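Structure first, commentary second.
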Amino acid sequence: MNALEIKNLTKRYPGFTLDNLNLILPSGCIMGLVGENGAGKSTTIKLILNMIRKDGGSITILGQDSQEGAILTKEDVGVVLDEVGLPECLTVRQVGKIMANTFKQWDSAEYERLAGRFSLPWDKAFKDFSRGMKMKLGIAVAMSHGARLLILDEATSGLDPVVRDEVVDMFSEFTRDEGHSILISSHIVSDLEKLCDYIAFLHKGKLMLCEEKDRLLDEYGMVHAPAERLNELSEDAVLYKKESRYGAEALVLRSQVPKDMPISPVSIEELFILMVKEA
């Protein structure tokens, strides 16, 4: 069973359309949503969570239609949005007590462990937390009620690099259980490159590609060479080319490049930026 299936998902706003989005997240895997501001990442997540009404298409979560499985969604999906929606007056201790009466599978010991791992002050009001501390508390809640799918919108935003690295490790640990999966959006593409099994590129409401991360890195590369040498490549081989007085560089399909031409690795972030430039 797939953790998430999205078919022909459409949402129209004045000046923006999320256009026939198709994604499949297999169980036990992590998918990263990459896109510039306004690409449709948060819109997609809100549609999955029924926070807004779709104009077309279907969403299946853990084998159930998202609109028919509200109870399942609450219990089996952990959510951390860009803004952690907890009452400002509550402390970490009080949040734990409220969640214990909210979720059937609430694990108080796990919540306490995560709060300690994040060094969250037990009796400090949420309103006095920094953005990073609020995100940590949101992650602790999402990972303490037996969720099988985590949906994370900019969940690493506001965290310092050391804590971000720890959180990424925690997410990797979560999916060691093949019944656990994660959909995460982030503008920190290096986090996604380190963490994800699949990468989906959104640009202006359209899906540019969705592929296994390792396959993307094997399929694409960068060539740095004199401009006349790059001009020898076929049009099918070159996805992006930039020339300067010092030479030229090109984003290429490795399979279309002669074996005697050196190819450098391309990062997921570079790949996305260059593909958007050519879109």
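All of the numbers you see were taken from the coordinates with simple rules; none came from a lab. Source: prediction; values computed, not measured. Counting neighbours? That spans all protein chains shown, and the Cβs are built from the backbone with ideal geometry, glycine included.
Starting from 0.36 nm per residue, how many nanometres of slack lie between Met261 and Asp55 once their C-alpha separation is accounted for? Mind dumping the intermediate values first?
Details: separation 206, 0.36 × 206 = 74.16 nm, distance 4.79 nm.
Contour length minus Cα-Cα distance gives 69.4 nm.
Could you work out the helix-only [θ] at 222 nm for the chain, with each DSSP H run of four or more residues adding -39,500 (n - 2.57) and the total divided by the number of residues, to the nearest 500 deg cm²/dmol? Mind dumping the intermediate values first?
Working: 10 runs with 89 residues, N = 279.
-9000 deg cm²/dmol, from helical runs alone.
In this simple spin-label approximation, His224 and Gln94 carry label points 7 Å from Cα along the Cα→Cβ vector, and these lie 5.6 nm apart.
The residues neighbouring Phe174, those whose beta-carbon lies less than 12 Å from its own, together hold a net charge of -3 under the Lys/Arg +1, Asp/Glu -1 convention. Going by neighbour counts of Cβ atoms within 10 Å, the residues Ile151, Ile45 line up, fewest first, as Ile45, Ile151. The string of couplings for the stretch 145-155 from the Karplus curve (6.51, -1.76, 1.60, θ = phi - 60°) is 10, x, 5, 9, 10, 9, 10, 10, 10, 6, 6 Hz, one whole number per residue in order, with x for Gly and Pro. Within the listed set Val257, Val34, Val168, the residue fluctuating most in the Gaussian network model of the chain (springs between alpha-carbon atoms under 10 angstrom) is Val257. Here is what passes the span test in the chain: the DSSP H helices with alpha carbon length of 18 Å or more along the helix axis and a Kyte-Doolittle mean of -0.5 or above are 161-174.
The chain: longest stretch without exposed chymotrypsin sites (Phe, Trp or Tyr not before Pro) (DSSP loop, at most 12 other Cβ within 10 Å), sites themselves excluded?
Between exposed loop sites, the widest span is 123-245.
The charge dipole of the stretch 2-204, taken about its Cα centre with unit charges on the Cβ atoms of Lys, Arg (+1), Asp and Glu (-1) only, comes to about 540 debye. As a rough footprinting exposure proxy, the listed residues Ser119, Ser27, Ser172 were ranked by other beta carbons within 10 Å of their own, and the order from fewest upward is Ser119, Ser172, Ser27.
Given C-alpha coordinates of the stretch 159-225, what is the ratio Rg to Rh with the Kirkwood estimate of Rh?
Values: Rg = 14.0 Å, Rh = 13.7 Å.
That ratio is 1.02, to two decimals.
Taking a Cβ cut-off of under 14 Å around Ile52, the surrounding Lys, Arg, Asp and Glu residues balance to a net charge of +4, with basic ones at +1 and acidic ones at -1. DSSP beta bridges fully contained in the chain are about 65 percent antiparallel. The longest part of the chain holding none of the exposed loop GluC sites (Glu not before Pro), meaning those outside H, G, I, E and B in DSSP with at most 12 other Cβ atoms within 10 Å, is 89-177. With a/c under 1.5 counting as rounded, go ahead and sort the stretch 1-95 into rounded, prolate or oblate using the C-alpha gyration tensor (a ≥ b ≥ c being the square roots of the eigenvalues; past the cut-off, prolate if a/b is larger than b/c, else oblate). The shape class here is oblate.
The GNM of the chain, with springs linking C-alpha atoms under 10 angstrom apart, assigns the highest mean-square fluctuation among Asp82, Asp236, Asp177 to Asp236. Grab the other residues whose beta carbon is less than 12 angstrom from that of Gly28, score K and R as +1, D and E as -1, and report the net. Charge balance near Gly28 sits at -1.
Using a ≥ b ≥ c from the Cα gyration tensor of the stretch 216-278 (square roots of the eigenvalues), is it rounded, prolate or oblate, where a/c under 1.5 gives rounded and otherwise the larger of a/b and b/c decides, a/b for prolate? Oblate shape, in that a/c is at least 1.5 and b/c is the bigger or equal ratio.
Taking Met51, Met222, Met135 in turn, the Gaussian network model of the chain (Cα-Cα springs below 10 Å) assigns the largest fluctuation to Met51.
Mind checking the full-extension length gain between Lys204 and Asn22? Use 0.36 nm per residue of separation minus the Cα-Cα distance, one decimal, nm.
Values: separation 182, 0.36 × 182 = 65.52 nm, distance 1.49 nm.
Taking 0.36 nm per residue and subtracting the Cα distance, the gain is 64.0 nm.
Average projection, convex hull of the Cα set of the stretch 2-204: 10.8 square nanometres.
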